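For reference, the structure is listed below as structure tokens.
The values are calculated or read from the model by the stated rules, or taken from the named source; none is laboratory data. The shown structure was predicted, so the numbers you read here are calculated from the model rather than taken from an experiment. A quick note on method: Cβ atoms are made from the backbone with ideal geometry, for glycine too, and the neighbour counts reach across all protein chains shown.
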Amino acid sequence: MTLPRPSTPRERAHLLRYTRPERWPLFERFAVGQPVREQVLAELLAAPPEEVRRLNELLREDVAKRAAELLQDEDFRTAIGATPFVGGNRIVALGDSLTADRLGWFEIIAETLRQRGGPVPVLANLGVSGNTTADAIERFDLIEAARPTHVLVMLGTNDVRAHGRRRPHRMVRPDETRRNLRVLHELISEDLGVPVTFITPPGGDEVRIERFFAGAPLRWSATDLDGLAELVRDVDANRIDLRAELSRPGLDDPFDDDGVHLSPLGQQRVAAAVVAQLSRAMTGHAGADDTVGREPDGV
């Protein structure tokens with residue numbers, strides 16, 4: 001199947017958000033140099049490298065703006081100081097496109113730390129678009145190589161991705177997803193001996209999914225996406241529950257046009273939720289089922 005090449009700046013920016021050759025396992029394992037990775041990205045975007053750099057800078061500016069908005073909130077500033085995001089630590093985020101997103105929650109948290117000043121931990125974004133829980137297990141050597149002191153895991157959205165027109169088939173069965181999440185928990189907490197926090201994927205918007213993927217031989221079911229939260233809850237009693245946070249009444253819709261990915265505002269809310277709940281877990285002030293975070297000032 002040949003995909004159409006992006007032809008407008010908007011299409012290129014959208015593809016750039018989720019396409020990060022610097023994190024592709026093959027490139028990582030064979031130490032492919034940055035110039036080659038930049039050239040691959042330029043070819044994928046059908047744009048000269050200088051345009052790719054310009055678009056990337058625009059995305060970074062958006063992240064900087066959203067980080068600054070979060071830092072206006074006193075509760076957020078207090079909370080982030082009570083998380084593992086402190087100097088001397090090495091925090092790894094393991095996930096799919098929801099984490100790989102250049103406008104994503106992990107990038108926003110990283111930028112808040114830079115803007116706040118002071119010692120900053122080493123932050124490694126190991127999100128790879130399209131990854132399932134099985135793919136993440138296959139990348140365990142790269143997780144280990146990052147030498148984390150704490151790992152955040154948000155996976156499962158691609159497990160429930162279904163392919164086929166007449167009778168769609170999921171990428172990974174529910175029992176396999178549960179098993180894979182447990183394996184990841186064991187590998188990280190026992191083999192590496194470091195704390196791991198799982199994050200429930202955010203769910204989806206069924207109406208947008210049906211509209212966006214109409215005619216395509218793949219789709220997501222909002223019901224299946226909702227079921228992921230329960231699988232994560234089974235594996236990690238101290239998980240961060242985005243399903244509860246993003247479905248709070250009165251808040252703006254967090255999803256992008258396809259109903260699966262998050263809008264920049266949705267990613268900002270995830271960043272706030274992750275910081276709030278990590279803070280509460282570290283200080284013992286709240287349980288995993290409590291509502292996490294409040295809407296930051298200026299958002």
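Brief remarks on what is shown
- Members of the stretch 92-150 found to be β-branched (Val, Ile, Thr), in a helix (DSSP H, G or I) and closer than 24 Å to residue 170 by Cα, listed by number: 99, 133, 137
- The condition of being closer than 26 Å to residue 254 by Cβ and surrounded by 14 or more Cβ atoms within 10 Å (Cβ to Cβ) holds for only one of 196, 207, that being 196.
- One residue from 17, 29, 5, 37 being crowded, with 18+ Cβ neighbours inside 10 Å, among the charged types (D, E, K, R) and in contact (Cβ under 8 Å) with a residue 12 or more places away in the chain: 17
- Conditions (1) outside any loop (DSSP other than H, G, I, E, B); (2) touching a strand residue (DSSP E or B) at 6+ places or on another chain (Cβ under 8 Å): number failed by residue 187: (2)
- Test: residue 84 is in contact with a strand residue (DSSP E or B) (Cβ under 6 Å, 6 or more places away or on another chain) and either of a type outside the set (Gly, Ala, Ser) or in a loop (DSSP other than H, G, I, E, B) (or both): yes
- Pairs linking a residue in the stretch 49-68 that is in a helix (DSSP H, G or I) to a residue that is at pLDDT 95 or above and acidic (Asp, Glu), with Cβ atoms under 6 Å and 6 or more positions apart or on different chains, are 63/107; 63/111; 64/111; 67/111.
- Scope the stretch 57-73; condition closer than 18 Å to residue 274 by Cβ and either charged (D, E, K, R) or surrounded by 18 or more Cβ atoms within 10 Å (Cβ to Cβ) (or both); matching residues: 63, 66, 67, 69, 70, 71, 73
- Inter-residue pairs, beta-carbon under 6 Å, first in contact (Cβ under 8 Å) with a residue 40 or more places away in the chain and crowded, with 24+ Cβ neighbours inside 10 Å and in the stretch 139-152, second polar (S, T, N, Q) and not in a loop (DSSP other than H, G, I, E, B), 6+ apart: 152/197
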